[in-house]
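Chemist: Here it is, the structure, as structure tokens.
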């Protein structure tokens with residue numbers, strides 16, 4: 001990833017909000033710029049159109065890469081002979097993404113919640129509370145659209161809850177199994 | 001002649017006739033005497049100019065040329081052999097009455113039962129700190145600084161092993177390390193009739209890894225008397241092995257104003273251009289005339305007469321693919337943009353262009369930027385302007401360092417020493433300031449209208465416009481394919497998709 005998580009974040013004199021605050025109405029305008037390198041510099045600021053002419057001479061758009069954050073743009077900027085790679089994205093979007101990453105991160109580390117990917121009917125349950133499961137072990141089976149879908153554990157752990165039993169109907173997003 | 005790495009290089013394309021001499025490894029191309037003589041024979045060459053670096057100082061190549069009936073544009077094989085061995089040069093020059101940097105005049109034994117004890121005794125005579133140097137050395141290889149007796153043995157072994165690998169000769173000697181000394185060298189020309197002249201001196205104190213970064217002519221702050229003195233010492237040193245063609249005698253100038261002989265480089269040097277600018281003499285042309293048997297001409301003799309009181313000042317900076325923020329570590333990559341400065345008093349010698357791939361195969365030097373003006377302050381002002389005008393994209397270069405030194409107070413006052421870069425270059429805050437400016441410029445770049453052509457970018461920013469640019473596939477800002485949804489829309493979509501349920 002081109003965007004480090006919060007580490008080494010600094011502010012320009014005219015920078016807007018501190019990262020992590022609720023995006024306000026100006027949020028769409030504020031940009032987050034990450035200057036890459038061994039010690040990345042992250043700043044949030046609003047674009048200054050009067051710098052456009054200089055930017056036209058010193059900034060060069062770089063090709064998209066597969067692992068770029070959607071909606072971000074990468075530039076090469078040469079200032080005083082120094083060559084930088086800058087990633088620019090909406091500051092509000094960056095904050096939302098970070099928050100999302102934090103919550104999924106917590107889930108991943110504390111518990112894995114297996115949810116129904118489709119509405120359907122449970123046809124088999126092979127684990128019960130307290131079982132120790134391996135990554136890849138099958139947990140339950142969901143029949144949906146006349147297809148049986150085996151649900152497997154994406155990581156090893158201990159089964160904390162089993163919310164289902166065979167024959168039960170489930171809706172999209174319902175909790176099936178929780179692994180701690 | 002060129003190796004596969006350089007097949008598409010601008011200088012190869014510019015040549016009337018170019019011959020491939022081998023694959024990328026230097027040992028199989030630029031260091032392969034057989035391949036080089038073969039290429040010279042095949043193209044019907046009368047003479048061969050060895051350039052600088054690689055085999056340019058090797059007696060082996062000069063002898064091979066002689067055997068093949070090709071004129072070697074450089075000193076004779078005997079001169080190359082005599083001065084190429086730094087220890088034999090130190091002995092001969094010292095006997096001729098030229099003060100050499102204090103140290104040993106015979107090799108130090110690194111192996112054997114009593115070697116360690118003898119080496120330690122000789123080191124005590126030289127004094128601390130000292131340098132362990134390779135007799136066959138050059139370019140800082142086979143060189144170690146030693147501050148304490150306890151570190152001597154390890155340094156001797158390491159330097160000897162390094163020299164054996166790099167030069168095929170593991171002989172090492174000791175030399176006193178002179179603190180706050182300057183590196184001053186004298187450009188020499190000699191003809192086949194035995195005349196030798198000095199065309200002026202250069203100061204090359206600004207170095208990293210014992211390799212030069214900035215060179216200027218004349219050396220700042222010397223009196224005409226000091227110049228005459230060092231020019232005469234250089235000629236005396238060159239006479240020991242006879243000199244026809246071009247060479248450079250290198251000296252250390254101590255804080256007490258005394259000159260100490262270091263070595264003679266028996267070839268054209270990278271930094272010869274500053275002497276060309278100040279003396280008005282085309283050194284490569286003179287090399288060819290001398291090789292053709294001509295005596296030194298009237299213009300050369302006049303330039304030598306004028307050398308103690310030069311009428312102009314020239315500075316060269318080496319633009320290399322290196323990161324000055326991390327110890328001038330060489331970097332590789334593709335040069336995506338290349339714009340050289342120009343105008344009166346500017347000279348750029350370069351071998352790359354946009355699209356050139358910088359590999360780790362050879363030296364990271366991309367270009368030499370030279371400026372000349374009537375005096376040193378105007379020369380520095382011109383350098384500042386030229387460095388700012390020099391634009392390189394795709395790879396980091398040494399330009400930020402040159403920008404700094406061109407405005408540095410100590411350098412401006414002519415106070416330089418060989419430890420200048422280590423002592424004074426602190427890139428952290430300089431780079432950080434540039435990074436903050438870069439962040440503002442990157443943000444501003446998103447306001448440049450999508451369809452505006454890059455070349456006319458200066459006048460194309462709508463006042464007060466905050467229009468988002470389009471998603472893009474790389475390339476010049478504004479010249480990219482516009483899409484209906486801008487980054488803001490795409491960003492919102494992404495946020496919705498990634499919002500945790």
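The values are calculated or read from the model by the stated rules, or taken from the named source; none is laboratory data. No experiment lies behind these values; they were computed from the predicted model shown. Cβ coordinates were reconstructed from backbone atoms using ideal geometry, including for glycine residues, and neighbour counts include every protein chain displayed.
Chemist: Could you tell me which of the residues A:33, A:42 is surrounded by fewer than 23 Cβ atoms within 10 Å (Cβ to Cβ), in contact with a strand residue (DSSP E or B) (Cβ under 6 Å, 6 or more places away or on another chain), assigned to a strand (DSSP E or B) and in the same structural domain as residue A:98 (by TED's automatic domain parsing)? Walk me through it before giving the result.
Modeler: Working: A:33 fails: surrounded by fewer than 23 Cβ atoms within 10 Å (Cβ to Cβ).
Criteria check complete, one pass: A:42.
Chemist: Residue under question is residue A:82, and the condition is that it be crowded, with 21+ Cβ neighbours inside 10 Å and free of Cβ contacts under 8 Å to residues at least 24 places away in the same chain; does it hold? Give the derivation first.
Modeler: Numbers: crowded, with 21+ Cβ neighbours inside 10 Å: yes; free of Cβ contacts under 8 Å to residues at least 24 places away in the same chain: yes.
So residue A:82 fits the description; yes.
Chemist: Scan the strands (runs of 3 or more DSSP E) fully inside the range B:250-339 and keep the ones with 3 or more residues being away from every other protein chain (no Cβ under 14 Å).
Modeler: Values: elements: B:259-265, B:313-320, B:337-339.
Because the criterion is at least 3 residues that are away from every other protein chain (no Cβ under 14 Å), the strands (runs of 3 or more DSSP E) in the range B:250-339 that meet it are B:259-265, B:313-320.
Chemist: Every residue in the range B:343-356 that is away from every other protein chain (no Cβ under 14 Å) and touching a strand residue (DSSP E or B) at 6+ places or on another chain (Cβ under 8 Å), please.
Modeler: B:345, B:346, B:347, B:348, B:349, B:350, B:351, B:352, B:353, B:355, B:356
Chemist: Separate question: Can you list the strands (runs of 3 or more DSSP E) lying wholly within the range A:132-180 that have 2 or more residues being within 14 Å of residue A:118 (Cβ to Cβ)? Break it down into steps so the answer makes sense when it comes.
Modeler: Working: elements: A:138-144, A:147-152, A:157-162, A:175-179.
Result: A:138-144, A:147-152.
Chemist: Right, something else. Would you be able to say whether some residue in the range B:275-291 is closer than 20 Å to residue B:175 by Cβ and crowded, with 23+ Cβ neighbours inside 10 Å?
Modeler: Our first condition is that a residue be closer than 20 Å to residue B:175 by Cβ; within the range B:275-291, this holds for none.
No, every residue in the range B:275-291 fails to be closer than 20 Å to residue B:175 by Cβ and crowded, with 23+ Cβ neighbours inside 10 Å.
Chemist: Mind checking which residues of the range A:128-146 are in contact (Cβ under 8 Å) with a residue 24 or more places away in the chain and either loosely packed, with under 14 Cβ neighbours inside 10 Å or more than 15 Å from residue A:175 (Cα to Cα) (or both)?
Modeler: Residues of the range A:128-146 that are in contact (Cβ under 8 Å) with a residue 24 or more places away in the chain, as a first pass: A:128-133, A:139-140, A:142, A:144-145.
Selection gives A:128, A:129, A:130, A:131, A:132, A:133, A:144, A:145.
Chemist: Picking from B:117, B:140, B:168, which residue would you name as being without any contact (Cβ under 8 Å) to a residue 60 or more places away in the chain and on the phi > 0 side of the Ramachandran plot?
Modeler: Working: B:117 fails: on the phi > 0 side of the Ramachandran plot; B:140 fails: without any contact (Cβ under 8 Å) to a residue 60 or more places away in the chain.
None of the other options fit; the residue is B:168.
Chemist: Can you find a residue that is under 30 Å from residue B:115 (Cα atoms) and in contact with a helix residue (DSSP H, G or I) (Cβ under 9 Å, 6 or more places away or on another chain) anywhere in the range B:161-170? Let's see the steps before the verdict.
Modeler: From the range B:161-170, those under 30 Å from residue B:115 (Cα atoms) are B:161-170; that's our starting set.
Within this subset, residues satisfying the condition of being in contact with a helix residue (DSSP H, G or I) (Cβ under 9 Å, 6 or more places away or on another chain) are B:169-170.
Within the range B:161-170, one or more residues are under 30 Å from residue B:115 (Cα atoms) and in contact with a helix residue (DSSP H, G or I) (Cβ under 9 Å, 6 or more places away or on another chain).
Chemist: Here is a further query. If I go through the range A:64-91 residue by residue, how many of them are within 7 Å of chain B (Cβ to nearest Cβ), under 20 Å from residue B:334 (Cα atoms) and not in a loop (DSSP other than H, G, I, E, B)?
Modeler: Of the residues in the range A:64-91, 9 are within 7 Å of chain B (Cβ to nearest Cβ), under 20 Å from residue B:334 (Cα atoms) and not in a loop (DSSP other than H, G, I, E, B).
Chemist: Out of all the residues in the range A:45-63, which are assigned to a loop (DSSP other than H, G, I, E, B) and at the interface with chain B (Cβ under 7 Å from one of its Cβ atoms)? Walk me through it before giving the result.
Modeler: Let us first name the residues in the range A:45-63 that are assigned to a loop (DSSP other than H, G, I, E, B), namely A:46-48, A:62-63.
The answer is A:47, A:48, A:62, A:63.
Chemist: Might you let me know whether the range B:438-451 holds any residue that is surrounded by fewer than 19 Cβ atoms within 10 Å (Cβ to Cβ), within 12 Å of chain A (Cβ to nearest Cβ) and at pLDDT below 95? Give the steps one after another, and end with the answer.
Modeler: If we filter the range B:438-451 for residues that are surrounded by fewer than 19 Cβ atoms within 10 Å (Cβ to Cβ), which is where we start, we get B:449-451.
With within 12 Å of chain A (Cβ to nearest Cβ) added as a condition, the list becomes B:449-450.
Narrowing further to those that are at pLDDT below 95: B:449-450.
For the range B:438-451, residues surrounded by fewer than 19 Cβ atoms within 10 Å (Cβ to Cβ), within 12 Å of chain A (Cβ to nearest Cβ) and at pLDDT below 95: present.
Chemist: Tell me yes or no: at least one residue of the range B:384-392 is in a helix (DSSP H, G or I) and in contact with a helix residue (DSSP H, G or I) (Cβ under 6 Å, 6 or more places away or on another chain). I'd like the intermediate steps shown before the answer.
Modeler: Initial filter on the range B:384-392 (in a helix (DSSP H, G or I)): B:384-389.
Filter once more, so that each one left must be in contact with a helix residue (DSSP H, G or I) (Cβ under 6 Å, 6 or more places away or on another chain): B:384, B:387.
Checked against the condition, which is being in a helix (DSSP H, G or I) and in contact with a helix residue (DSSP H, G or I) (Cβ under 6 Å, 6 or more places away or on another chain), the range B:384-392 yields at least one hit.
Chemist: Identify all residues within the range B:376-397 that are more than 8 Å from chain A (Cβ to nearest Cβ) and touching a strand residue (DSSP E or B) at 6+ places or on another chain (Cβ under 9 Å); write none if there are none.
Modeler: Within the range B:376-397, B:376, B:377, B:378, B:379, B:380, B:381, B:382, B:383, B:385, B:386, B:389 qualify.
Chemist: What strands (runs of 3 or more DSSP E) lie completely within the range B:178-220 and have 3 or more residues being crowded, with 24+ Cβ neighbours inside 10 Å and out of contact with any helix residue (DSSP H, G or I) (no Cβ under 9 Å at 6 or more places or on another chain)?
Modeler: Passing ranges: none, list empty.
Chemist: Further question: Is it true that some residue in the range B:208-219 is within 16 Å of residue B:75 (Cα to Cα) and either touching a strand residue (DSSP E or B) at 6+ places or on another chain (Cβ under 8 Å) or in the same structural domain as residue B:75 (by TED's automatic domain parsing) (or both)? Before the answer, list the steps.
Modeler: Narrowing the range B:208-219 to residues within 16 Å of residue B:75 (Cα to Cα): none.
Checked the range B:208-219: no residue is within 16 Å of residue B:75 (Cα to Cα) and either touching a strand residue (DSSP E or B) at 6+ places or on another chain (Cβ under 8 Å) or in the same structural domain as residue B:75 (by TED's automatic domain parsing) (or both).
Chemist: Given B:69, B:97, B:112, B:38, which one is surrounded by fewer than 19 Cβ atoms within 10 Å (Cβ to Cβ), outside any loop (DSSP other than H, G, I, E, B) and over 24 Å from the mean Cα position of the chain (by Cα)? If you could, list the steps in order and put the result at the bottom.
Modeler: Working: B:69 fails: outside any loop (DSSP other than H, G, I, E, B); B:97 fails: outside any loop (DSSP other than H, G, I, E, B); B:112 fails: outside any loop (DSSP other than H, G, I, E, B).
From the options B:69, B:97, B:112, B:38, the qualifying one is B:38.
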